[in-house]
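Quick note: the coordinates plus some simple rules give every number you see, no bench work behind them. If you're wondering where the values come from, they're calculated on a predicted model, not measured in any experiment. Note that each Cβ is placed from the backbone with ideal geometry, even for glycine, and that neighbours are counted across all protein chains shown.
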Amino acid sequence: MDIGYLTKLAALHKRLGLEAALLEEAKLGTSDHPLCEEAMQLVSIGDDVFGRPQQLAPDAARAWAWMLEAATSQGISLQLVSGFRGIDYQAELIGRKLSAGQSLRDILKVSAAPGFSEHHTGNAVDVTTEGAAALDETFDDTDCFHWLLARAGDFGFTLTYPRNNSFGIDYEPWHWCFQSQQRPRAR
């Protein structure tokens, strides 16, 4: 891991008040929740549901396109909420939550500290579907979520934060991460 990246992370953590004990409590930097490097190469995957341009790592972008095409062909509305997020943006997200009065301990249950988000790798997507609120647990009641449970693995995507996950992160049915470079299986 690049020393410049680690130095920048340390500065961001200090600015946010992320002390070693709190990082340890959140299992950050362990085998359960390893440090994530920022993707060096990203490609455009279009806009998210908010009209913001999004990017993923090339292999994840290809798999996302195949999965999106398969979902659409089966009548499933799979919509992107977010893709790649750098460590600076992750720090901004946490900073906004701190400014809104949330405690750092509570924030780390729903947002990874800079350097520990799968979004940094360019392999993670947050998704939603027509008629569902973005980043809401009720997404797991949708046909889209059930389709993802059955089919996302065919494209190399896995649900990172199921209920009672080892990361200590709250349940996120919308967060899926590309884990392999396999081509999708026909179905």
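Residues in the stretch 37-68 that are under 15 Å from Gly153 (Cα atoms) and either in a strand (DSSP E or B) or in contact with a Ser or Thr (Cβ under 7 Å, 6 or more places away or on another chain) (or both): there are none. All of Leu98, Leu108 fail the test of being touching a helix residue (DSSP H, G or I) at 6+ places or on another chain (Cβ under 8 Å), of a type outside the set (D, E, K, R), closer than 21 Å to Leu16 by Cβ and surrounded by fewer than 19 Cβ atoms within 10 Å (Cβ to Cβ), apart from Leu98. Restricting Ala113, Ala71, Ala152 to residues that are within 26 Å of Leu28 (Cβ to Cβ), aliphatic (A, V, I, L, M) and part of a helix (DSSP H, G or I) narrows the list to Ala152.
Note on the stretch 38-52: among residues that are within 15 Å of Asp126 (Cβ to Cβ) and in contact with a strand residue (DSSP E or B) (Cβ under 7 Å, 6 or more places away or on another chain), the one that is surrounded by the fewest Cβ atoms within 10 Å (Cβ to Cβ) is Asp47.
Here is a yes/no grid of residues against (1) touching a helix residue (DSSP H, G or I) at 6+ places or on another chain (Cβ under 9 Å); (2) surrounded by 14 or more Cβ atoms within 10 Å (Cβ to Cβ); (3) not small (Gly, Ala, Ser):
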position	(1), (2), (3)
Lys14	no, no, yes
Ala57	yes, yes, no
Glu69	no, no, yes
Ile87	yes, yes, yes
